[in-house]
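Please read the structure below before turning to the comments.
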Amino acid sequence: MEKSSYEVKVGLAEMLKGGVIMDVTNVDQAKIAEDAGAVAVMALERIPADIRTYGGIARMSNPEIILKIKEAVSIPVMAKCRIGHFAEAQILEELGIDFIDESEVLTPADEENHIWKHDFKVPFVCGCRDLGEALRRIGEGAAMMRTKGEAGTGDIVEAVRHMRAVNRGIRCLQMMDKEELMAEAKRLGAPFSIVEIVAQKGKLPVPNFAAGGIATPADASLMMQLGAEAVFVGSGIFKSEDPAARAEAIVKAVTYYHDPAVLLEVSKGLKDAMIGKPAKELPDEEQLAKRGW
Amino acid sequence: MTQIGVLAIQGAFCKHLDILHSLHVKAIPVKYAKDLESLDGLIIPGGESTVITRQLGFRLSWEDIYHFAQEKAVFGTCAGLILMGKGCSDPRVRQLGLMNAIIERNAYGSQIESFTEDVTLSFDTYPFHAVFIRAPKILKIGKDVEIIASFQGEAVMIQQGHLLGAAFHPELTNDTRVHEYFMHHCVN
């Protein structure tokens with residue numbers, strides 16, 4: 001019996017496809033998320049919108065909160081650690097979390113290096129803004145990628161930019177001659193062996209999800225139509241006026257993302273979405289997507 | 001021409017479609033009741049059984065699948081096996097009760113307990129490299145149920161006539177033998 005092989009790590013990411021991963025901060029929210037059809041929950045002390053409001057240093061959540069959420073639901077539970085903070089990741093692994101998000105939403109612990117994720121038994125998801133960043137994280141052992149988007153804003157524009165950038169990067173690789181791949185790997189700053197695989201297969205070797213700014217069923221459908229294989233919804237659910245109904249609507253919108261009749265049906269009757277803040281208006285130091293490289 | 005559907009509500013349905021296509025089998029994703037009409041068999045993939053439970057009854061109902069399964073072949077992997085079985089103690093999951101087998105959800109613990117193992121097949125001498133992800137356990141089977149794959153004395157794949165269920169994920173490997181078995185021994 002072999003545990004924790006890369007195959008098994010990517011395997012769980014495969015099982016989450018076509019689903020919605022929801023940020024929750026307590027047991028009640030976790031149960032609402034599970035009842036609404038969340039495929040997994042992200043256990044947090046504060047959702048990204050509140051992290052922005054409170055300021056200060058955002059760290060790994062209190063393990064007790066994560067444990068309570070883990071006990072309350074039957075679906076996989078994820079938690080975030082700071083970029084480069086492998087000690088936080090070790091604690092989360094010990095706690096028996098199902099997936100770790102090495103996340104730019106928390107204050108980075110290392111501005112040069114990300115965690116060497118191959119050394120862990122638990123799988124990792126990481127954010128990316130373009131293909132080079134995605135392939136660097138996969139090189140370090142990430143078993144799932146997601147767009148960074150701009151978390152906690154309710155503004156979808158950055159997630160769209162990042163998803164398009166990744167897919168454009170993949171299409172470019174597919175058109176290149178073998179001779180050009182090494183130069184492209186250098187330009188991307190990405191491991192050559194993974195560049196070769198992506199050029200051959202025309203897709204990332206791990207599932208590619210959307211995150212950062214999804215607030216409505218239409219946002220979820222947009223990201224799926226752009227090629228996301230599942231979506232993360234952070235502040236969009238519990239910062240809205242009707243979390244349970246909105247959560248359920250977004251779940252249906254992800255399964256039937258290509259069907260405008262369903263999208264119309266689930267979008268009707270929802271109360272107000274989160275108010276949000278245009279990502280463009282954020283000063284540089286408040287742009288979370290710029291954390292990590 | 002034989003056509004197989006893969007339930008595409010949530011989970012690893014694309015991987016099943018890829019394997020079927022590699023075997024030159026015509027295969028389509030299934031999200032609506034009408035999708036079942038032209039099919040000779042259905043695969044219910046792995047994913048989260050709570051999510052599939054929650055979403056069945058929207059554009060495709062439990063009854064639609066239940067009726068389909070009375071005469072047509074159905075293969076459930078992981079979450080799909082849970083839905084096909086009966087007697088699951090978790091109220092968050094609804095079951096079709098198609099197979100005479102009691103299935104326990106997520107029986108090995110959290111993701112770090114997920115594993116790969118070479119399992120013994122009843123129909124071939126070479127073992128199958130099986131991937132178990134937060135896998136269910138087959139606790140008890142009826143007399144009409146046959147064990148198709150096992151390891152350490154435990155059943156991990158079972159067959160009841162034209163119905164097949166696996167606790168592992170044959171769609172996550174490049175080995176097509178389990179899908180071929182389904183095509184030859186369950187689908188007419």
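The values are calculated or read from the model by the stated rules, or taken from the named source; none is laboratory data. These numbers were taken from a predicted model, which means no experiment stands behind them. Methodologically, a virtual Cβ is constructed for each residue, glycine included, from the backbone with ideal geometry; neighbour enumeration extends over all protein chains shown.
Name the one entry in A:Val262, A:Val254 that is crowded, with 24+ Cβ neighbours inside 10 Å and either in contact (Cβ under 8 Å) with a residue 24 or more places away in the chain or assigned to a helix (DSSP H, G or I) (or both).
Details: A:Val262 fails: crowded, with 24+ Cβ neighbours inside 10 Å.
The unique qualifying residue is A:Val254.
So A:Ala210 clears everything in (1) touching a residue at least 12 places away in the same chain (Cβ under 8 Å); (2) crowded, with 20+ Cβ neighbours inside 10 Å; (3) more than 30 Å from A:Lys271 (Cβ to Cβ) except one condition, right? Which one?
(3)
In this structure, does A:Glu64 turn out to be within 10 Å of another protein chain (Cβ to nearest Cβ), at pLDDT 95 or above and over 26 Å from A:Ile138 (Cα atoms)?
Working: within 10 Å of another protein chain (Cβ to nearest Cβ): no; at pLDDT 95 or above: yes; over 26 Å from A:Ile138 (Cα atoms): yes.
Answer is no for this residue.
Among the residues of the range B:64-91, which ones are of a type in the set (A, V, I, L, M, F, W, C) and at pLDDT below 95?
Here is the first cut: in the range B:64-91, the ones of a type in the set (A, V, I, L, M, F, W, C) are B:65, B:68-69, B:73-75, B:78-79, B:81-84, B:88.
Answer for the range B:64-91, where residues must be of a type in the set (A, V, I, L, M, F, W, C) and at pLDDT below 95: just B:Cys88.
Against the definition (out of contact with any Gly (no Cβ under 6 Å at 6 or more places or on another chain), touching a residue at least 24 places away in the same chain (Cβ under 8 Å), surrounded by fewer than 22 Cβ atoms within 10 Å (Cβ to Cβ) and of a type outside the set (A, V, I, L, M)), how does B:Glu154 come out, yes or no? Quick ask: steps written out before the conclusion?
On the way: out of contact with any Gly (no Cβ under 6 Å at 6 or more places or on another chain): yes; touching a residue at least 24 places away in the same chain (Cβ under 8 Å): no; surrounded by fewer than 22 Cβ atoms within 10 Å (Cβ to Cβ): yes; of a type outside the set (A, V, I, L, M): yes.
The answer is no for B:Glu154.
Scan the range B:110-135 for residues that are within 12 Å of B:Phe168 (Cβ to Cβ) and either assigned to a strand (DSSP E or B) or away from every other protein chain (no Cβ under 14 Å) (or both) and report the count.
Qualifying residue count for the region: 11.
Tell me yes or no: at least one residue of the range A:106-115 is in a helix (DSSP H, G or I), touching a residue at least 24 places away in the same chain (Cβ under 8 Å) and in contact with a strand residue (DSSP E or B) (Cβ under 9 Å, 6 or more places away or on another chain). Show your work before the answer.
Pass one, the range A:106-115, residues in a helix (DSSP H, G or I): none.
No: the range A:106-115 contains no residue that is in a helix (DSSP H, G or I), touching a residue at least 24 places away in the same chain (Cβ under 8 Å) and in contact with a strand residue (DSSP E or B) (Cβ under 9 Å, 6 or more places away or on another chain).
Can you go through A:His118, A:His114 and tell me which one is crowded, with 16+ Cβ neighbours inside 10 Å and modelled with pLDDT of 95 or more?
Values: A:His118 fails: crowded, with 16+ Cβ neighbours inside 10 Å.
That would be A:His114, the only listed residue that is crowded, with 16+ Cβ neighbours inside 10 Å and modelled with pLDDT of 95 or more.
Enumerate the helices (runs of 4 or more DSSP H) found wholly within the range A:145-237, keeping only those where 1 or more residues are more than 22 Å from A:Glu248 (Cα to Cα) and modelled with pLDDT of 95 or more. Step through it out loud before you land on a result.
Numbers: elements: A:157-175, A:178-188, A:192-201, A:217-225.
Per the criteria, A:157-175, A:178-188, A:192-201.
Out of all the residues in the range A:1-20, which are more than 7 Å from chain B (Cβ to nearest Cβ) and among the aliphatic types (A, V, I, L, M)? Step through it out loud before you land on a result.
First, pick out the residues of the range A:1-20 that are more than 7 Å from chain B (Cβ to nearest Cβ): A:6, A:9-10, A:13, A:16, A:20.
Hits for the range A:1-20 are A:Val10, A:Ala13, A:Leu16, A:Val20.
Quick one: count up the residues across the range B:1-16 that are surrounded by 24 or more Cβ atoms within 10 Å (Cβ to Cβ) and among the polar types (S, T, N, Q).
So the count comes out to 1.
Of all residues in the range A:234-251, count the ones that are within 14 Å of chain B (Cβ to nearest Cβ), surrounded by 21 or more Cβ atoms within 10 Å (Cβ to Cβ) and in contact (Cβ under 8 Å) with a residue 40 or more places away in the chain.
Residues of the range A:234-251 within 14 Å of chain B (Cβ to nearest Cβ): A:244-245, A:247-251.
Next cut, surrounded by 21 or more Cβ atoms within 10 Å (Cβ to Cβ) only: A:247-251.
Among the residues that remain, those that are also in contact (Cβ under 8 Å) with a residue 40 or more places away in the chain are: A:247-248, A:250-251.
Looking only at that region, the number is 4.
Among the residues of the range B:136-155, which ones are within 12 Å of another protein chain (Cβ to nearest Cβ) and either out of contact with any strand residue (DSSP E or B) (no Cβ under 8 Å at 6 or more places or on another chain) or on the phi > 0 side of the Ramachandran plot (or both)?
B:Gln152 - this is the single residue of the range B:136-155 that is within 12 Å of another protein chain (Cβ to nearest Cβ) and either out of contact with any strand residue (DSSP E or B) (no Cβ under 8 Å at 6 or more places or on another chain) or on the phi > 0 side of the Ramachandran plot (or both).
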